[in-house]
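Data block below; observations after.
The values are calculated or read from the model by the stated rules, or taken from the named source; none is laboratory data. Since this is a predicted model, take the numbers as computed values, not measurements. Cβ placement follows ideal geometry from the backbone for every residue including glycine, while neighbour counts extend to all protein chains displayed.
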Amino acid sequence: MSKKHKILSVCGVLLIILIILYWQIGSERGWINSILLSSPSDIAASFRSLWGSGSLQKHILVSFKRVMIGYVSGAGLGIMFGFILSTMPSLEKLFSFSLAIIRPIPALALFPLFILWFGIGEGSKIMVIAFMSFWPTFLNTEEGVRQADKNLLELADALQKGRVTKMATVLLPSTLPYIFAGLRLAISRAWGGVVVAEMLAASSGIGFLIEYSRDMSQTATMFTGVITIAIIGFTADLLLRILQDRICYWHTEVK
Amino acid sequence: MAGMNEVNISHIRQDFLMPTGGLEVLRDINIDLRGGEFVSIVGESGCGKSTLLRIIAGLDKPTDGEVLIGGEKVNGVSSKVGILFQESRLLPWYSTEKNISYGLPRGMDRNEGRERVRSLIDTVGLNGFEKALPSQLSGGMQKRVAIARTLAGHPKVLLLDEPFAALDAFTKMNMQDEILRIWEREKITTLLVTHDIDEAIYLGERVVMMSPKPGVIKKVIPIDLPEDHSRTSDEFDAYRREIFKEFFGSDKRMSQWFSDD
């Protein structure tokens with residue numbers, strides 16, 4: 001990173017601190033309506049009390065579990081289907097039309113149906129998250145396979161590598177960066193999905209916490225929920241990025 | 001009995017199916033290579049020389065005719081043939097070492113394989129770069145890895161498909177000496193395809209000239225250079241002149257021929 005870029009990133013952090021500072025002072029002086037926008041200190045207090053009572057951790061854990069189950073199964077299926085369909089042209093032809101019809105359906109439009117089919121409990125929420133996580137990973141995996149270097153595949157043929165070896169040594173590694181791009185898209189979608197699903201029908205989870213505090217007009221708690229989502233989403237993406245740099249080591253060398 | 005590493009190319013014809021109908025790419029190509037011989041094929045792009053190489057490698061099937069290697073008919077890729085492509089085609093996620101071992105024959109003993117990779121790294125002079133990724137190597141070094149990988153398979157026949165076309169002039173001459181050195185030591189039957197006339201003369205014991213539409217052999221010129229293979233010798237110049245004349249009719253105003261290439 002150049003010196004100029006470093007200074008700019010430091011300024012970026014300072015900017016947020018300045019905004020929070022102004023926000024705090026504005027709330028204390030009465031420039032900002034605290035019903036609409038709680039002061040940072042009120043939010044911090046709400047955060048402390050929710051954390052202290054253990055209820056915030058409980059809501060996080062519930063949402064986290066839903067996301068993990070839905071995300072892992074949805075993204076896992078996405079990668080699998082992406083690989084299978086892009087390496088077997090006849091299957092792709094067979095399924096491409098059905099997939100093209102299902103894909104544009106917003107997952108939340110299916111939520112009421114999922115409730116009907118899988119119950120109002122965990123099943124329907126996990127299904128929505130799985131549905132949301134499936135598409136970005138599926139499409140990215142497919143694209144990754146399609147973008148694999150034909151020259152390298154031919155090389156593997158010239159060296160008489162079998163089908164499985166060719167997959168493991170050429171196709172999979174060249175698809176990995178695409179798979180990670182899909183996984184990162186999917187995780188943010190999955191978090192968005194769980195919150196909305198919990199707002200619509202749940203009695204626990206971060207989404208429920210936000211919706212419930214709206215009913216109770218507890219603006220500071222609503223902010224606590226929103227900020228929690230931001231922190232978790234940011235952390236998840238960061239972890240995936242670190243994992244990507246580790247696994248796709250050759251990709252980072254190029255930069 | 002035919003030698004183990006003799007190559008017989010007989011009556012090869014290749015048609016490509018185009019939307020406008022069949023296109024004859026190669027017509028009645030006949031070349032016989034003695035075991036251990038180095039033959040260069042030179043011609044402009046589109047004369048079918050790369051197609052011919054792909055047929056010998058077993059990557060493409062000819063419309064007609066056959067290729068025998070060691071008396072056996074080529075039918076698909078085989079471990080007898082090693083091919084060096086124009087691009088180095090290294091796996092970006094593999095180190096030098098692993099890229100070279102990628103070319104080892106299947107089922108080779110692990111220790112034996114490791115030993116072979118080590119000696120190949122010696123041969124191509126990449127000591128100290130065993131763990132480097134392709135992205136950390138220069139173009140010339142990447143080419144050395146590709147050469148070592150091709151040699152790892154112990155090919156009886158080596159096919160070079162314009163292997164140095166993408167390299168700068170200095171690296172290119174360097175690599176040509178490298179190939180010559182390896183060929184002299186291992187005595188692998190080698191077929192080089194190139195559009196570089198100097199390269200064809202410098203490396204080949206015979207130069208096969210091809211012309212396009214359809215691809216046919218125009219002339220075969222035996223090369224007999226002095227021991228040092230000097231690129232500036234009178235003999236070298238004489239061959240250069242002969243080939244230029246054969247291709248272009250005269251050795252003047254080359255630009256008019258190359259203008260649309």
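How do the pairs read when you match residues in segment A:193-213 that are touching a residue at least 40 places away in the same chain (Cβ under 8 Å) with residues anywhere that are outside any helix (DSSP H, G or I) and not acidic (Asp, Glu), using Cβ under 6 Å and keeping only pairs 6 or more apart or on different chains? Partner pairs satisfying both residue conditions: A:GLU198/A:GLY205; A:ALA201/A:ILE120; A:PHE208/A:ALA202. On inspection, B:GLU130 qualifies as modelled with pLDDT under 95 and assigned to a loop (DSSP other than H, G, I, E, B).
Remark: pairs (first residue in segment B:130-141, within 14 Å of chain A (Cβ to nearest Cβ); second residue among the aliphatic types (A, V, I, L, M); Cβ separation under 8 Å; 6+ apart in sequence or on different chains) = B:PRO134/B:LEU90; B:PRO134/B:LEU91; B:PRO134/B:VAL145; B:SER135/A:VAL254; B:LEU137/B:VAL145.
Just give me the residues in segment A:1-21 being charged (D, E, K, R) and either in contact (Cβ under 8 Å) with a residue 60 or more places away in the chain or loosely packed, with under 10 Cβ neighbours inside 10 Å (or both), in sequence order. Answer for segment A:1-21, where residues must be charged (D, E, K, R) and either in contact (Cβ under 8 Å) with a residue 60 or more places away in the chain or loosely packed, with under 10 Cβ neighbours inside 10 Å (or both): A:LYS3, A:LYS4.
Touching a residue at least 40 places away in the same chain (Cβ under 8 Å), surrounded by 17 or more Cβ atoms within 10 Å (Cβ to Cβ), in contact with a helix residue (DSSP H, G or I) (Cβ under 9 Å, 6 or more places away or on another chain) and over 21 Å from B:LEU137 (Cβ atoms), is that true of B:ALA152? Criteria not met by B:ALA152. Between A:LYS93, A:LYS58, A:LYS150, the distinction of being out of contact with any strand residue (DSSP E or B) (no Cβ under 6 Å at 6 or more places or on another chain), touching a residue at least 40 places away in the same chain (Cβ under 8 Å) and exposed (fewer than 15 other Cβ atoms within 10 Å of the Cβ) belongs to A:LYS58 only. Right, A:LEU36: modelled with pLDDT of 90 or more and not β-branched (Val, Ile, Thr) or not? Considered against the rule, which asks whether it is modelled with pLDDT of 90 or more and not β-branched (Val, Ile, Thr), A:LEU36 comes out as no. Consider segment A:203-255 and keep the residues that are outside any helix (DSSP H, G or I) and surrounded by 12 or more Cβ atoms within 10 Å (Cβ to Cβ). The one that is farthest from the other protein chains (Cβ to nearest Cβ) is A:GLN218.
Of the numbered conditions (1) within 14 Å of chain A (Cβ to nearest Cβ); (2) more than 18 Å from B:PRO214 (Cβ to Cβ); (3) out of contact with any His (no Cβ under 8 Å at 6 or more places or on another chain), B:SER79 fails exactly one; give the number of that condition. Every condition holds for B:SER79 apart from (3). Pairs are defined by a Cβ separation below 6 Å, a sequence spacing of at least 6 or placement on different chains, a first member in segment B:49-70 that is farther than 18 Å from B:MET4 by Cβ, and a second member that is buried (at least 20 other Cβ atoms within 10 Å of the Cβ) and among the small types (Gly, Ala, Ser); the pairs so defined are B:LYS49/B:GLY43.
Test B:PRO134 against the stated conditions and say whether it is surrounded by fewer than 21 Cβ atoms within 10 Å (Cβ to Cβ) and farther than 19 Å from B:SER10 by Cβ. No, not satisfied.
Tell me, which helices (runs of 4 or more DSSP H) wholly within segment B:144-261 include 2 or more residues that are farther than 26 Å from B:ARG34 by Cα and modelled with pLDDT under 90? Show your work before the answer.
Numbers: elements: B:169-186, B:197-203, B:234-248, B:255-258.
The qualifying helices (runs of 4 or more DSSP H) are B:169-186, B:234-248, B:255-258.
From the list B:LEU91, B:LEU84, B:LEU104, the one residue that fits, being farther than 20 Å from B:ARG206 by Cβ, in contact (Cβ under 8 Å) with a residue 40 or more places away in the chain, within 14 Å of chain A (Cβ to nearest Cβ) and in contact with a Ser or Thr (Cβ under 9 Å, 6 or more places away or on another chain), is B:LEU91. Within segment A:162-194, restricting attention to residues that are basic (Lys, Arg) and modelled with pLDDT of 90 or more, the residue that is farthest from A:LEU239 (Cα to Cα) is A:LYS166.
All of A:ILE227, A:ILE242 fail the test of being within 26 Å of A:MET127 (Cα to Cα) and among the β-branched types (Val, Ile, Thr), apart from A:ILE227.
A:GLU142 meets the stated requirement of being more than 14 Å from chain B (Cβ to nearest Cβ) and surrounded by 14 or more Cβ atoms within 10 Å (Cβ to Cβ).
Taking the criterion of being among the polar types (S, T, N, Q) and either under 30 Å from A:LEU21 (Cα atoms) or modelled with pLDDT under 90 (or both), would at least one residue in segment A:67-80 satisfy it? No.
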